[in-house]
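Report on the following structure.
Just so you know, all these numbers are worked out from the coordinates, no wet-lab data involved. Source: prediction; values computed, not measured. Cβ placement follows ideal geometry from the backbone for every residue including glycine, while neighbour counts extend to all protein chains displayed.
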Amino acid sequence: MLLSRLAQVSQEVAATSARSRKTALLAELFREAEPDDVPVVIPYLAGRLPQGRIGVGWKVLGDPVPPAAGPSLTVREVDALLTRLAKVSGPGSQAERARLVGELLGASTEAEQRFLRGLLTGEVRQGALDAVAVEGLAQATGAASADVRRAVMLAGSLQPVAGALLADGPQALERFRLTVGRPVQPMLAHSASSVAEAVGKLGVCAVEEKLDGIRVQVHRDGDTVRVHTRTLDDITDRLPEVTEAARGLDVERFILDGEVISFDGTGRPRSFQETAGRVGSRVDVVTAARETPVSPVFFDALSVDGRDLLDLPFAERHAELARLVPEPMRVRRTLVDGPDDLEAAERFLAETLERGHEGVVVKGLQAPYSAGRRGASWLKVKPVHTLDLVVLAAEWGHGRRTGKLSNLHLGARTADGGFAMLGKTFKGMTDAMLEWQTGRLREIAVDESGHTVTVRPELVVEIAYDGLQRSSRYPAGVTLRFARVIRYREDKRPEEADTVETVLAAHPEVRP
DNA sequence: TTCCGACAGTGGGGTCGCAAT
DNA sequence: ATTGCGACCCCACTATCGGAA
């Protein structure tokens, strides 16, 4: 199959907003693909490379390359070149990658170049990723879409399912079962704004502490232990403590879901930055493990002793977990008897925050483990802080925000009467707000360089955020975590905005 | 007919490892 | 030795489509 066909379909998919039409377009293409093309065509149209990320970003892609006059590349040729490219490493590798990319782009038409650039940066922006590809695959093969989706969750990715389906038809889906050693997509949580709201929705429930660490799925089969992240990357080699803990349990075969986090000498959780730095260390694991030891803390059991627990109610899965894992290695929790028992839930949240954790997750006791879904039966509740900050500048947006000033630079007042930037945000804005702020900010613009417009510090905006973290980038030595706009405060003047001093005082645990 | 769940998009900050400077 | 890039952790929120209610 020619790459130009994929580029054309991708363009058509991007051009329609109807999901049903996107699905139909993908299904048509999947039916056209020859068996040998399938392992490439499917991930490409889902916006991903079969090789995963291969060290090519905007810099390696470089400046525009004159396009070829007509299409000639086949998808298999492209895949072969990218496979070679992914293996390039060592001195001179950046130039070699750039050379190979240049070769590829030079042989591509303009439409193909657009598609390839999107694919390589992970930004195809066609309004269709895995979920639409799954639907298209179901349509192309006559399989039930729910069955395809479930197989993909259990396989951990689309490709093996696609290959099996197109080769053997819908009955091939039966081969995809929960298997120890093969990671499945983890269940995710929705947000709720309060414990009352969460308990109101779920009724009788468990309230569990939410640890601010790294999500892990741990598989043990005898002496073999594998540890995977939320995106199913294998991080076993970086976390010897987790392997050891898994081997120490009495049962030999299981899949557990949990979090790894580092505790200090007094049992307080270290900051997310410290835990994440440790988990990210790959070179000198021994030293990293000595300086920042991590502990696995589990909250769910997917499989125990060969029994698949996914479809059991959470209450039963947790009973299995409690039999297998000793209490210190489990997340703290309390059972709540529904909205009449709200006090117990509130008290547990307060105690959890007191212990230095992030918040709680409220979980329905009847729900199965919805692999890969953001199930409505898990609701996270975290305290939200707010500040009134001053807009110092804004950046022009991309994609659907092209032509709109989008990303705001946020400042707090300093002692000398100036402002210190605490971070940026593009979140929380409605289309109407984007429209309004674009106009308003242009009125008070004083400078424009690159894609940043600097403005007079006159507009006050109310910002929600999850906490402070250390920063080497910003002048106050701290930055806001997950900042988002709530509303503009046209009733407030910049002199009434919050100061750096008050921000720091609100978070005594964080020091610049 | 209205409501709501699921998706995609739009980017934020930090840290690590590696290659280039 | 320092800097820049890319990958991958954490993530919130809005708009939209289309099936559920």
In the range A:433-494, the trypsin sites (Lys or Arg not before Pro) that fall in loop regions by DSSP, at most 11 other Cβ within 10 Å: A:ARG473
Mind listing the phi-derived Karplus ³J(HN,Hα) values for the range A:35-52, rounded to whole Hz, using 6.51, -1.76 and 1.60 with θ = phi - 60°, and x for any glycine or proline? x, 6, 7, 3, x, 9, 4, 4, x, 4, 6, 8, x, 10, 8, x, 7, x
How would you classify the range A:127-239 from its alpha-carbon gyration tensor, with a ≥ b ≥ c the square roots of the eigenvalues: rounded for a/c under 1.5, else prolate if a/b is greater than b/c, otherwise oblate? oblate
How many percent of the alpha carbon pairs in the range A:362-408 exceed a separation of 14 Å? 70
q = 0.15, 0.20 Å⁻¹, the range A:1-160: log10 I(q)/I(0) [Debye, one scatterer per Cα]: -0.79, -1.30
From DSSP H assignment alone, runs of 4+ in chain A each adding -39500 (n - 2.57), the sum over residues rounded to the nearest 500 puts [θ] at 222 nm at -11000 deg cm²/dmol
When the C-alpha atoms of the range A:64-121 are aligned to their principal axes, what extent does each axis show, in angstrom, from largest down? 34, 23, 18
Using θ = phi - 60° and the Karplus form 6.51 cos²θ - 1.76 cosθ + 1.60, what ³J(HN,Hα) does each residue of the range A:200-215 get, whole Hz, x for Gly and Pro? x, 7, 9, x, 5, 7, 9, 10, 10, 5, 9, 8, 8, x, 10, 5
Regarding the range A:384-512, what's the average projected area of the Cα-atom convex hull, expressed in nm²? 7.7
Once all Cα-Cα distances of chain A are split into 20 Å bins that start at 0, what whole-number percent is in each one? 18, 47, 33, 1
Between A:ARG307 and residues 5 or more places away or on another chain, which pairs have amide H atoms under 5 Å apart, with H built 1.01 Å from N, and which residues are they? none
Show log10 I(q)/I(0) for the range A:345-431 at q = 0.17, 0.18, 0.22 Å⁻¹, two decimals, from a solvent-free Debye sum over equal Cα scatterers. -0.92, -0.93, -1.00
Using 0.36 nm times the number of residues separating A:ILE486 and A:ARG230, minus their current alpha carbon distance, what extension gain do you get? 89.2 nm
Compute the label zone of A:VAL65 within the range A:1-27: residues whose backbone N is under 19 Å from the point 7 Å along Cα-to-Cβ. A:2-8
Round to the nearest 0.05 the FRET efficiency obtained for A:LEU353 and A:SER72 when R0 = 60 Å and r is the Cβ-Cβ distance. 0.45
Would you kindly compute the Cα radius of gyration of the range A:448-512 and its largest Cα-Cα separation (Dmax), both in Å? 13.4, 37
Starting from the Cα gyration tensor of the range A:261-385, take the square roots of the eigenvalues, sort them a ≥ b ≥ c, and report rounded, prolate or oblate (rounded when a/c is under 1.5, otherwise prolate if a/b is larger than b/c, else oblate). oblate
Honestly the range A:283-345 on the Cα gyration tensor test (a ≥ b ≥ c root eigenvalues; a/c under 1.5 rounded, otherwise a/b vs b/c for prolate or oblate) is just oblate
Using amide H atoms built 1.01 Å from N in the peptide plane, name the residues 5+ places from A:ALA376, or on other chains, whose amide H lies under 5 Å from its own. none
